[in-house]
Structures are given as C-alpha cells and as structure tokens.
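A.B. asks: Below is one structure. I have some questions about it.
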Amino acid sequence: MKELLRTNDITIIAFAKALLQGEDIEVFELDVNMSILDGSLGILPRRLMVRREDHFIATSVMKANDIDLGL
C-alpha cells in the first residue's frame with residue numbers, strides 16, 4: 001500500500017474515493033478512528049492508501065480532477 005492523499009476535508013475524501021472506485025482502484029482509508037478521537041474537530045488528517053501498482057493511475061486521476069494530494 002502506498003499513500004495517495006492526506007487531508008482534513010472529509011468531502012475531498014469522499015470525492016476521491018468515488019473517483020477511484022469508478023476507475024476500479026481499491027482504496028483504503030486510514031486514520032478514521034484517530035480523527036474521531038480528536039472530537040471530530042478535523043485536526044488530524046485522514047489518509048487514502050492504494051496498492052503500489054495502482055498509485056500512478058490514482059495520482060493521475062486526482063490531478064485530472066484538481067485534488068490536492070496534501071503530501
């Protein structure tokens with residue numbers, strides 16, 4: 001797994017996941033429970049992970065849709 005995206009904005013996470021699933025790219029969201037523990041203030045960023053072999057295509061999809069990867 002390789003990190004694709006890091007953001008505090010849950011709407012960006014949802015949009016990115018929808019785009020990637022539309023391209024048949026498996027995506028795994030990390031740090032969901034950590035952001036819940038911070039009291040849902042959105043202080044801690046969430047990360048989206050993809051398989052290493054899908055990373056290049058996933059990055060292209062994000063850039064084509066003007067999504068800042070936050071890395």
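A.B. asks: State to the nearest 20 debye the size of the charge dipole of the chain about its Cα centre, where the only charges are +1 on K and R beta carbons and -1 on D and E beta carbons.
C.D. replies: Values: 8 positive and 12 negative charges, 27 e Å.
The dipole of the chain has a size of about 120 debye.
A.B. asks: Once you mark the GluC sites (Glu not before Pro) that are in a DSSP loop and have at most 13 other Cβ atoms within 10 Å, what is the longest gap between them in the chain? Don't skip to the end; give the middle numbers.
C.D. replies: Working: sites that count: 23, 26.
My reading of the result: 27-71 is the longest stretch.
A.B. asks: Report, to the nearest whole %, how much of the accessible area of the chain belongs to carbon and sulfur atoms, 1.4 Å probe, protein only. Please list the in-between numbers first.
C.D. replies: On the way: 2560 of 4620 Å².
Of all accessible area on the chain, carbon and sulfur atoms account for 55 percent.
A.B. asks: Which entry is the computed Kirkwood radius over Cα pairs in Å for this structure: [x] 14.2; [y] 12.1; [z] 12.9?
C.D. replies: Matching the structure shown: [y].
A.B. asks: Let me ask something else. Working from Cα positions, state the angle (0 to 90°, nearest 10) between the long axis of helix 10-22 and the longest principal axis of the chain.
C.D. replies: Between helix and principal axis, roughly 30 degrees.
The values are calculated or read from the model by the stated rules, or taken from the named source; none is laboratory data. Given the structure is predicted, the values throughout are model-derived calculations rather than measurements. Please note: Cβ atoms are built from the backbone with ideal geometry, for glycine as well, and neighbour counts cover all protein chains shown. Ligands, DNA and RNA are excluded from the accessible area calculation, which covers all protein heavy atoms including side chains. Shrake-Rupley method; radii C 1.70, N 1.55, O 1.52, S 1.80 Å.
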